[in-house]
Amino acid sequence: MSAVAGTATAVQELDEDQRAALDACVVAALALSSSEGQARGRMRLLMECYGRYVRSFGVLASAPSYEVFTGRLRGTRVADLLPGRPQGSVLGELWLLDGDGMPSSALHRLAVEAAEHGHQAPGIGADIRHLLSLLRAVGVMPASAGLSRISGETVQHAVFRALRAAGFEAYTRGREAMVRTPVLTRRELSRNTVLVELGAYAGISPTRQFGGLWAACPMCKWTMRATFRPNGAVDLECEDERHSLLGGRYRAQPAAESWRLSPRGELRTVPELVPVEGYVALPYALWLWVTLPGLLEVELRDRLVASGAQVRLWPFGDAYDLHVTRPGRSRTWRVDVKTWADPYGLSQKLREDPEGPGELCFVVPEHLRGYLPLLRRAVRGSGARVLTDTDLVAEVEGA
């Protein structure tokens, strides 16, 4: 299981003081690792974070000095930064900044899932404020509400409800566009009225550009995070751990009047460096909660169609994801795709489904095959089945 993917569940298990400390640490780490904005503003934000951090320890415990606080943000496991040092949490496997002060793969995710003040942070704060505006526009949040530890389910429900208001065809087209093309030219976006009205796309974040350029991850096509190195190079890496491990990471070196991009993983395909001007992208949270889950849904639809099946994608909005039939056969598959890398959180979600899973097939990615016994226990007696995407394709082909 990916430790980064389990952050939402881990944050729920913290007490109020630990959450406040985590919020302060996350925002402070973002301020330390960013060059965006004025140094005075970042210093003021750091001092505010330190004040919240000290208060989280209460009057009976002593908090570290400011110098120790900022120093420990580099390379210290997240759980060790919190009062009481929670044991057995995935936060004990993560850090915010590495020893060189560079952001970890967990930092932006924690800013969205765990930080009450994430909207103040340089870089990712712009994404969070954009998401807040979108949720207010579609009526999910009142104007006076703050964006604090919003769940993926809340964001998905808000976005999909807004898309459905335009009709089923527009809903399907808009949702698939957010999956297949998380980055668009402004001209392409202008042709999709539903997406324009939704306001899901915005200018490319400063955290994912350098020298007026950006590059797309070869797997998900979203903008890779840009991390500036002291030697003048820039590391580009997909925010998704699996994509990064599969090769979605590169190093850009200045060369004459341009940049030279070289792979840092086994994947030798080098993406194109594209000018920022004229492009818009989904903010981090929509990529995380709409694009990534949707990739498997769309890919599975394409694989099933190639095998001779007839497939309707998202036939009843959020009810389930794929309605699968075979010409001349009476059997039907109602498929709900689950991409969560936290099987314990997923199993709890399946138990809490108020409508019950009925005859659904819950499908997880092949790399989560090892968790099938746990997930099958979660739906035992409900009439539902749990299988991998590979199993489903084979089953449909053999029917």
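Filtering Leu91, Leu107 for residues that are more than 16 Å from Asp15 (Cα to Cα), in contact (Cβ under 8 Å) with a residue 40 or more places away in the chain and surrounded by 22 or more Cβ atoms within 10 Å (Cβ to Cβ) leaves a single hit, Leu107. Look at the stretch 46-58: where a residue is on the phi > 0 side of the Ramachandran plot and a partner is outside any helix (DSSP H, G or I), sitting 6+ places away or on another chain with Cβ atoms under 8 Å, you get Gly58/Pro83.
Of all residues in the stretch 263-280, those satisfying the criterion of being open to solvent by 20 Å² or more (accessible area, probe 1.4 Å) and part of a loop (DSSP other than H, G, I, E, B) are Arg264, Glu266, Leu267, Arg268, Thr269, Val270, Pro271, Glu272, Leu273, Val276, Glu277, Gly278.
Going through (1) among the hydroxyl-bearing types (Ser, Thr, Tyr); (2) at pLDDT 85 or above; (3) touching a strand residue (DSSP E or B) at 6+ places or on another chain (Cβ under 8 Å) one by one, Thr339 falls short only on (2). Only residues that are small (Gly, Ala, Ser), open to solvent by 30 Å² or more (accessible area, probe 1.4 Å) and not in a loop (DSSP other than H, G, I, E, B) were counted across the stretch 248-262, and they come to 2.
Considering (1) under 23 Å from Glu241 (Cα atoms); (2) outside any helix (DSSP H, G or I); (3) open to solvent by 70 Å² or more (accessible area, probe 1.4 Å); (4) modelled with pLDDT of 85 or more, the lone condition that Arg369 does not fulfil carries the number (2). Please go through the stretch 229-247 and give me each residue that is in a loop (DSSP other than H, G, I, E, B) and farther than 14 Å from Val270 by Cα, ordered by number. Those that are in a loop (DSSP other than H, G, I, E, B) and farther than 14 Å from Val270 by Cα: Arg229, Pro230, Asn231, Gly232, Ala233, Glu239, Asp240. For the stretch 219-228, the set of residues classified as touching a residue at least 40 places away in the same chain (Cβ under 8 Å), open to solvent by 10 Å² or more (accessible area, probe 1.4 Å) and part of a strand (DSSP E or B) consists of Arg225, Thr227, Phe228, listed by residue number. If the condition is being modelled with pLDDT of 85 or more, open to solvent by 40 Å² or more (accessible area, probe 1.4 Å) and among the charged types (D, E, K, R), then the stretch 1-47 contributes Glu13, Asp15, Glu16, Asp17, Arg19, Arg40, Arg42, Arg44. Here Glu241 meets each of (1) closer than 20 Å to Pro103 by Cβ; (2) open to solvent by 10 Å² or more (accessible area, probe 1.4 Å); (3) free of Cβ contacts under 8 Å to residues at least 60 places away in the same chain with one exception, condition (3).
Of all residues in the stretch 260-310, those satisfying the criterion of being of a type in the set (S, T, N, Q) and over 24 Å from the mean Cα position of the chain (by Cα) are Ser262, Ser307, Gln310.
Within the stretch 70-86, restricting attention to residues that are under 15 Å from Ala31 (Cα atoms) and in contact with a strand residue (DSSP E or B) (Cβ under 8 Å, 6 or more places away or on another chain), the residue that is surrounded by the most Cβ atoms within 10 Å (Cβ to Cβ) is Leu73. Residue count for the stretch 51-69, restricted to those that are surrounded by fewer than 20 Cβ atoms within 10 Å (Cβ to Cβ) and part of a helix (DSSP H, G or I): 8.
When the stretch 157-208 is filtered for residues that are open to solvent by less than 80 Å² (accessible area, probe 1.4 Å) and under 17 Å from Pro315 (Cβ atoms), the ones remaining, listed by number, are Phe160, Leu163, Ala166, Gly167, Ala170, Tyr171, Thr172, Gly174, Arg175, Glu176, Val179.
The values are calculated or read from the model by the stated rules, or taken from the named source; none is laboratory data. Remember, predicted model here, so these are calculated numbers, not experimental data. Note: ideal-geometry Cβ built from the backbone for every residue, glycine included; neighbour counts use all protein chains shown. Remember, those area values only see protein heavy atoms, side chains included, never the ligands or the DNA or RNA. Shrake-Rupley method; radii C 1.70, N 1.55, O 1.52, S 1.80 Å.
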